[in-house]
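Heads up, the thing below is written out as structure tokens.
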Amino acid sequence: MYLCLFSIMKRYNVMKKFFLCLLSLGLLLMSCKQNEKIYSDATLVDYDDFKEIIELKAETIAGFDSLFLAPTHLCAYDSMLITINKRSDKRILVFNVNTEKKVAEHISVGQGPGEMLLPRIVGNDDSKILISDLIKSTVLEYSMEDFFKSGELQYTKFISLQKPISGEVRLLKDRLIGDVSRNTSFLFYEFNSEGEVVDSIGRYPEANWEITDVEKKNVYSFSFTTNQQDRIAVCYNWTDLIDIYDREGNLLNRIHGPRYFASHFEEFNDGKVNSSSRVKGETRDAYFSPVHVGDEFWVLFSGKSEDEDGYNILAEQIFVFGWDGTPRKIFKLDKGVLAFTVNEKMRKIYGISNSPDYHILTFSY
């Protein structure tokens with residue numbers, strides 16, 4: 001009997017030491033993870049923080065296949081789908097998703113009045129829609145009613161931005177926010193309704209390694225969206241980081257995850273210009289194509305590396321965040337897309353794929 005009791009106590013002590021070792025190891029790993037935190041001011045977000053993971057299956061819209069000519073961007077308004085294309089005479093095509101018919105085509109390529117070189121959709125309200133030209137740093141305003149009809153389109157307002165932009169433009173209440181990330185001091189110019197600069201906002205993240213100004217331009221390239229009122233979501237392309245700013249340019253939240261990586265670029269000089277290139281084995285795709293959807297923003301997440309087998313640029317996940325940065329849900333797509341838009345009323349996601357050729361996929365959610 002005493003021998004059995006001694007044996008049980010001995011086993012208990014061994015198991016107790018084993019679990020204490022596990023606990024210590026866990027605390028050590030947690031401590032190491034915090035010490036190795038890339039962005040000291042970031043909130044870490046994990047897959048488990050999203051309340052729902054929803055799997056979606058792609059459908060094709062048969063009537064669209066012969067109509068789209070290499071679309072690069074999409075935007076949905078009620079039953080209309082706007083596509084920006086790089087192979088059509090008119091850069092913008094408008095389709096009725098119910099009839100699967102093209103209803104209008106607008107904006108020729110060129111330098112003349114009403115023409116554009118690289119058009120992008122800025123935003124809209126119930127009466128007007130705004131389109132920017134990334135090359136010419138201009139914004140043109142059109143009547144919404146006229147935009148969704150065939151025939152010659154005339155702009156109702158022409159805005160020449162006082163400072164050149166290097167990326168897209170978005171609405172922020174009565175202001176315009178323009179991406180100027182090719183500089184190294186700030187991320188955006190804020191323009192008034194006449195195109196005059198009123199502020200410069202947004203700052204580059206500070207990481208725990210040395211980085212030159214030249215490398216910074218690539219490491220922190222980003223896509224962004226706004227809620228058109230008082231929030232800006234900056235979604236970085238090469239590090240799984242999202243910054244949320246208010247209308248005054250204050251950083252409200254910095255979210256890092258769910259993979260906790262930052263890609264590395266190395267500066268070089270080719271005798272003419274300084275630039276930087278990806279470091280093999282140390283780069284990974286992150287966030288792309290953020291979209292404003294009501295009280296949320298949705299964004300594609302990749303997490304893929306070019307060094308992995310079967311790599312492609314198509315993303316199969318859409319992350320959904322509240323405008324305060326709260327993770328809400330993940331949509332897992334059975335087919336990847338390059339960019340997407342959302343029709344809230346019809347509960348449809350429209351995405352662009354280039355595999356094997358350019359076409360539009362739709363997902364019901």
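Summary table
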| quantity | calculated |
| --- | --- |
| Unmet requirement for S263, which otherwise passes all of (1) touching a residue at least 60 places away in the same chain (Cβ under 8 Å); (2) buried (at least 20 other Cβ atoms within 10 Å of the Cβ) | (1) |
| Matching residues in the range 129-153 - criterion: being over 21 Å from D78 (Cα atoms), assigned to a loop (DSSP other than H, G, I, E, B) and among the charged types (D, E, K, R) | K136, E152 |
| Filter result for E100 (closer than 27 Å to F331 by Cβ, surrounded by 14 or more Cβ atoms within 10 Å (Cβ to Cβ), at pLDDT below 95 and among the charged types (D, E, K, R)) | yes |
| Conditions (1) polar (S, T, N, Q); (2) assigned to a loop (DSSP other than H, G, I, E, B); (3) over 24 Å from A42 (Cα atoms); number of the one not met by S275 | (2) |
| Test result for T362, in contact (Cβ under 8 Å) with a residue 40 or more places away in the chain, within 23 Å of D243 (Cα to Cα) and in a strand (DSSP E or B) | no |
| Residue within the range 248-257 that is out of contact with any helix residue (DSSP H, G or I) (no Cβ under 9 Å at 6 or more places or on another chain), within 23 Å of T60 (Cα to Cα) and part of a strand (DSSP E or B) present | no |
| Pick from the range 223-240, criterion of a type outside the set (V, I, T) and free of Cβ contacts under 8 Å to residues at least 60 places away in the same chain, ranking: surrounded by the fewest Cβ atoms within 10 Å (Cβ to Cβ) | Q229 |
| Pairs, first in a helix (DSSP H, G or I) in the range 36-49, second surrounded by 13 or more Cβ atoms within 10 Å (Cβ to Cβ), C-beta under 6 Å, six or more apart | Y47/P258; D49/P327 |
| Selection within the range 344-364 - in contact with a Leu (Cβ under 8 Å, 6 or more places away or on another chain), under 25 Å from D295 (Cβ atoms) and surrounded by 16 or more Cβ atoms within 10 Å (Cβ to Cβ) | I349, Y350, G351, F363 |
| Count - residues of the range 95-128 that are among the β-branched types (V, I, T), without any contact (Cβ under 8 Å) to a residue 40 or more places away in the chain and not in a loop (DSSP other than H, G, I, E, B) | 1 |
| Some residue of the range 269-284 being crowded, with 18+ Cβ neighbours inside 10 Å, at pLDDT 95 or above and under 28 Å from L172 (Cα atoms) | no |
| Subset of the range 168-179 that is without any contact (Cβ under 8 Å) to a residue 60 or more places away in the chain and buried (at least 19 other Cβ atoms within 10 Å of the Cβ) - its residue that is farthest from F224 (Cα to Cα) | L176 |
| R284 vs. criteria within 16 Å of the chain's Cα centre (by Cα), under 27 Å from V198 (Cα atoms) and charged (D, E, K, R) | no |
| Any chance D243 is buried (at least 23 other Cβ atoms within 10 Å of the Cβ), at pLDDT 95 or above and either part of a strand (DSSP E or B) or under 16 Å from the mean Cα position of the chain (by Cα) (or both) | yes |
| Qualifying residue in the range 200-214 (condition: aromatic (F, W, Y) and at pLDDT 95 or above) | no |
| Test: residue in the range 332-339 that is without any contact (Cβ under 8 Å) to a residue 12 or more places away in the chain, in a loop (DSSP other than H, G, I, E, B), within 30 Å of N98 (Cβ to Cβ) and not hydroxyl-bearing (S, T, Y) | no |
| Subset of the range 120-164 (residues that are of a type in the set (V, I, T) and more than 24 Å from the chain's Cα centre (by Cα)) | T156, I159 |
| Pairs with Cβ under 6 Å, 6+ apart, first in the range 57-81 and in a strand (DSSP E or B), second at pLDDT below 90 | T72/K86 |
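The values are calculated or read from the model by the stated rules, or taken from the named source; none is laboratory data. Predicted model, so just to flag it, every value in this text is computed and none were measured. Heads up, the Cβs are rebuilt from the backbone with ideal geometry, glycines too, and the neighbour counts pull from every protein chain shown.
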